[in-house]
1. On the basis of being touching a helix residue (DSSP H, G or I) at 6+ places or on another chain (Cβ under 6 Å) and open to solvent by less than 30 Å² (accessible area, probe 1.4 Å), does Ala113 make the cut?
2. Cβ-Cβ under 8 Å, sequence separation 6+ or interchain: first residue in the range 19-34 and farther than 18 Å from Gln340 by Cβ, partner of a type in the set (D, E, K, R). Which pairs?
3. Within the range 208-221, is there a residue that is away from the ligand (no atom under 16 Å from the Cβ) and either assigned by TED's automatic domain parsing to the domain that holds Thr370 or assigned to a helix (DSSP H, G or I) (or both)?
4. Are any residues in the range 138-157 open to solvent by 40 Å² or more (accessible area, probe 1.4 Å) and out of contact with any Gly (no Cβ under 7 Å at 6 or more places or on another chain), and if so, which ones?
5. Can you tell me how many residues in the range 230-280 are within 21 Å of the chain's Cα centre (by Cα) and within 17 Å of Leu88 (Cα to Cα)?
6. Identify all residues within the range 190-209 that are open to solvent by less than 50 Å² (accessible area, probe 1.4 Å) and either touching a residue at least 60 places away in the same chain (Cβ under 8 Å) or more than 14 Å from the chain's Cα centre (by Cα) (or both); write none if there are none.
7. Which residue pairs have Cβ atoms closer than 9 Å, lie 6 or more positions apart in sequence or on different chains, and pair a first residue in the range 122-151 that is farther than 18 Å from Tyr329 by Cβ and β-branched (Val, Ile, Thr) with a second residue that is within 15 Å of the ligand (Cβ to nearest atom) and in a helix (DSSP H, G or I)?
8. Out of all the residues in the range 355-375, is one or more open to solvent by 30 Å² or more (accessible area, probe 1.4 Å) and closer than 20 Å to Phe217 by Cβ?
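The values are calculated or read from the model by the stated rules, or taken from the named source; none is laboratory data. Note that the coordinates shown come from a computational prediction; the quantities given were computed from them, not determined experimentally. We place every Cβ from the backbone using ideal geometry, glycine too, and count neighbours over all the protein chains shown. These accessible areas exclude ligands, DNA and RNA; they are computed on the full protein's heavy atoms, side chains included. Shrake-Rupley method; radii C 1.70, N 1.55, O 1.52, S 1.80 Å.
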Amino acid sequence: MEMSARATRAKAAVDVVTTFFAKIQSAADDPDALDFTFGNPHEFALPGLTDALRAQVEPQSVDWFAYKTSEPAAQQAVATGLRTEVGLPFEPEDIAMTQGAFGAISLALALLADAGDEVVIPVPGWFCYEPMLHAADLVPVRAALDPGTFDLDVDAIARALTPRTRVVIVNSPANPTGRVYPEATWRALAEVLDDASARNGRRIWLLSDEPYRRIRFDGIEFASPATAYPWTIIDYSYGKVLLAPGQRLGYLALSPLIPAAEREELREALMPIGLAIGWGFPDAVMQYSVPALEHVSIDMAELTRKRDRLYSALVDAGVEVTRPEGTFYLWGRAPGGDAQAFCDALAERGIHLMPGTLFDQPHHFRISLTATMETVERALPALVEVAAEWGAAR
Ligand code: PLP
């Protein structure tokens, strides 16, 4: 075996995703395929995104395309946005611009955790936490969400903590469940993390993965755990709100509530560690565009219509669905209980959902609401028919 042990573990943890990805790539060659799998765009880019990039692509100085770390104007725009959305006085110097949330999570792990440290992750949760942790030589420890409501189960997190725990990752609005957690949850979690940190004699950090922060339905309020637990670092991505995940842009933000000496140490490490992990800064043009991009968003009214249409039709067909409060995913229980079989039956009709097996949940499925309304309407008759068939056979 030539490959490193950590690469072997990372590959094993992500195999279910890459295998599914390859299968979907070939299915997508069918022009009639109705694709509800990954959160990819199915329509041309938002005009606000194209305009912002076009406005910055023409060089305005000789160093326009020179090596760039975090651009001050981008850091300033991010800090201003965070002040409003999270309600804390973020400082521009505490923002590191990154290649999406992926880049920000890698930066956070490199800053905070040593090889062999344990990192608690939610299950079901995003399928890249585990491979990323393995690749960083860290140990993923799973904490189950409430199996009925998919609320964060603070007691389950408490049980997952050990003297080796260094980081707890939380994600709200949550992929794949669409749940948004209230402030009371964060207060309860903060208490647990404070107690465990005191017991361990070492601080447990909270990494709040917030790439869907701006994608919320029905005016539901957003609460960041940063307001409840000072030792919180936030990661974000513009890939979701702009529905342009290929344009890699995001950031890591240190909470202004982190005690001064610790914040200072981390702040000074943001740039050098961004360099050490492989020039983890986003490209120049994406960074110049941040002040404009802060005000561009996926069409929430249209997304809400798609959510409502699919949610009602599935509920009417007797499918158990978690009503999305945020994100662009809809999470449901497969009629008949076998998500793989249910998704295979739909795939035969040209409809592609993501089976919960990618999230270690063999009874569930995920639908991406980034498909067009036309795709939704075309898929619904067969979706409802297959759901009724499999539900009746239960
Ligand atoms: N975190 C969660 C919960 C996600 O769903 C994703 C993308 O699917 C990411 C992080 C990574 O986002 P990006 O690809 O924009 O870096």
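1. Spelling it out, it is not the case that Ala113 is touching a helix residue (DSSP H, G or I) at 6+ places or on another chain (Cβ under 6 Å) and open to solvent by less than 30 Å² (accessible area, probe 1.4 Å).
2. Taking only residues 6 or more apart or on different chains, the pairs are Ala28/Asp35; Leu34/Arg378.
3. No, the range 208-221 has no match at all.
4. Across the range 138-157, the qualifying residues are Arg142, Ala144, Asp146, Pro147, Gly148, Thr149, Asp151, Asp153, Asp155.
5. 11
6. Scanning the range 190-209 gives Ala190, Val192, Leu193, Ala196, Ser197, Asn200, Ile204, Trp205, Leu206, Leu207, Asp209.
7. Listed by first residue and then by second, the contacts come to Val139/Leu133.
8. yes
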